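The structure under discussion appears below in the form of structure tokens.
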Amino acid sequence: MDSDGPEEGSVPPRSGIVCHPGRERRAARAHHPGALDGAGRAGARRPGGGGSSGDPLVDRTEQGLHIERLIAEGGMGAVYAARRTATGEPVALKVLRRVHAGDPGIASRFAREVRLARRIDHPNVCPVLGEGRLEDGRPFFLMPLFRGVTLGEEVRRSGPLPLRRALALADQILAGLAAMHAARVVHRDLQPGNVLLVDAPSGAGEAAPTVKLIDLGFAHEPGADTGDGVTPGSPGSLVGTLRFMSPEQAMRSRAITERSDLFAAALLIYYALSGKLPFRGRGDLDVLVAIVRSSPVPLRRERRDVPRVLDEVLTRALSKHPDHRFAGAAAMRDALAAVRA
Ligand SMILES: Nc1ncnc2c1ncn2[C@@H]1O[C@H](COP(=O)(O)OP(=O)(O)O)[C@@H](O)[C@H]1O
Ligand SMILES: [Mg+2]
């Protein structure tokens, strides 16, 4: 079932699912099965130039904001570029999609996203600047509007990253994750579309971009049973992005904890360095089976310039049993610092 073929091994950056070559779709974020389509999260779209025309929010002014354009639309929410009318400050506005406005489960998840994000104050985690309701009643929250691309877009555009750059980004991802975990938040959906790489200011030369972890739409508090597969016995469906799930998330065999995020962080690093994932298969189900059963394909098989010790760090973080991974994001970050030294 495992395959070395580039097609099976390559990942569409903003999703976990390959439907057909060249087509991508958002992965299963099926929390409320009736509310989302059969594949879980419906197709995310990123409008090209002018693609947002016809969107009723674009060009509207309300709640002290002028909404300028749609940045991306996922299964549950949409993100817009906007400006505060009083100051002209650019902001990003995330709003619950209209189709989900009446669903109390999705609305409470959105409220949880805001509440958990507000707890974290760290340069590598996207902050919440404010929240409110649009005139049509839908909740929204505001973030700084960052210029840059997601990790997925970067790899898709430029291919695997140079080692030093990838390690610099990994360091920031783990720093943000450590802060998140210290605030008792498990992200649960770390994947390339949820890692923003913010452009270094002009004049900074080849400086690595600043990482901002985004999208706490599936985050939860460790130990708290939110009824969506967080603890082994809790009901609900798969939550997260299929190809970036830890074994316990895929199987719901154990609680989803901080160490589930470490597994996903290792997948992100592997992906940044190879454009591939270490667990392979023809489709998402095959990949999930590989996540649960197979050994990871060593990164050094994809890239000879990767030090052996980096493979060892990744292999440890990709242990099937959470107890065999690093104790926390800080410990994994330290191990990676030794690779950089
Ligand atoms: N603060 C921001 N600044 C700029 N772009 C953003 C910001 N937040 C999100 N985005 C863009 O919007 C996309 C969707 O945001 P995200 O929070 O991941 O929503 P979803 O829950 O739909 O996945 C991201 O992949 C990113 O491209
Ligand atoms: Mg997202």
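The values are calculated or read from the model by the stated rules, or taken from the named source; none is laboratory data. A quick note: this is a predicted structure, and the numbers were derived from the prediction, not measured. Positions of Cβ are backbone-derived with ideal geometry, glycine not excepted, and every protein chain shown enters the neighbour counts.
So the values come out like this:
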item: Yes/no for Glu302 being in contact with a strand residue (DSSP E or B) (Cβ under 8 Å, 6 or more places away or on another chain) and within 21 Å of Ala166 (Cβ to Cβ); result: yes
item: The range 245-288: number of residues that are among the polar types (S, T, N, Q) and under 15 Å from the mean Cα position of the chain (by Cα); result: 3
item: Set Ala117, Ala101, Ala78, Ala92: member being under 14 Å from Phe140 (Cβ atoms) and away from ligand 2 (no atom under 15 Å from the Cβ); result: Ala101
item: Among the residues listed as Val339, Val297, the single one being more than 21 Å from Asp171 (Cα to Cα) and surrounded by fewer than 23 Cβ atoms within 10 Å (Cβ to Cβ); result: Val297
item: First in the range 271-285 and within 16 Å of Ser246 (Cβ to Cβ), second anywhere and in a loop (DSSP other than H, G, I, E, B) and at pLDDT 95 or above, Cβ under 8 Å, 6 or more apart; result: Tyr271/Leu277; Pro278/Pro296; Pro278/Val297; Pro278/Pro298; Pro278/Leu318; Phe279/Ser294; Phe279/Pro296; Phe279/Val297
